[in-house]
Amino acid sequence: MHTGKVKKLVADRGFGFISDTDGREVFFHQSSLIDARFDSLSEGQDVEFEVEKSPKGPRAVNVKIAAKQE
C-alpha cells in the first residue's frame, strides 16, 4: 500500500492526481475510491492507494482517505 497526498482534483471530469511519497505523480479516477465520495476529497489530503500499470502509465486504485495518526 502506498501513501501520498491529493495533488490536484479535476472535479468536473472526475479524476485527479496523487503525489506519492516517492515523489511521483499518479493518476486516479473517482471510480477508484473506496469508502469515500469524490466530492469529499480536498487537495493536500492524505490518502492510501495501490498502483497498477495502465496503457497511459501508473494509475492509483483502491484509493482511500488515510487514517489520522495521533
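Give me the log10 of I(q) over I(0) for region 2-65 at q = 0.19, 0.30 Å⁻¹, as the Debye formula computes it from C-alpha points; what are the numbers? Per q value, in the given order, log10 I(q)/I(0) is -0.59, -1.57. Using amide H atoms built in the peptide plane, which far-off residues or other-chain residues are under 5 Å from residue 45 H to H? Answer set, sorted by chain and number: 6.
Which whole-number percent is the relative contact order of the chain (Cα, under 8 Å, 6+ apart)?
On the way: 137 pairs, mean separation 22.8, N = 70.
It rounds to 33 percent for the chain.
Any read-out appearing in this document is the output of simple, stated calculations on the displayed coordinates, not a laboratory observation. Note that the structure is predicted; figures quoted are calculated from it, not measured.
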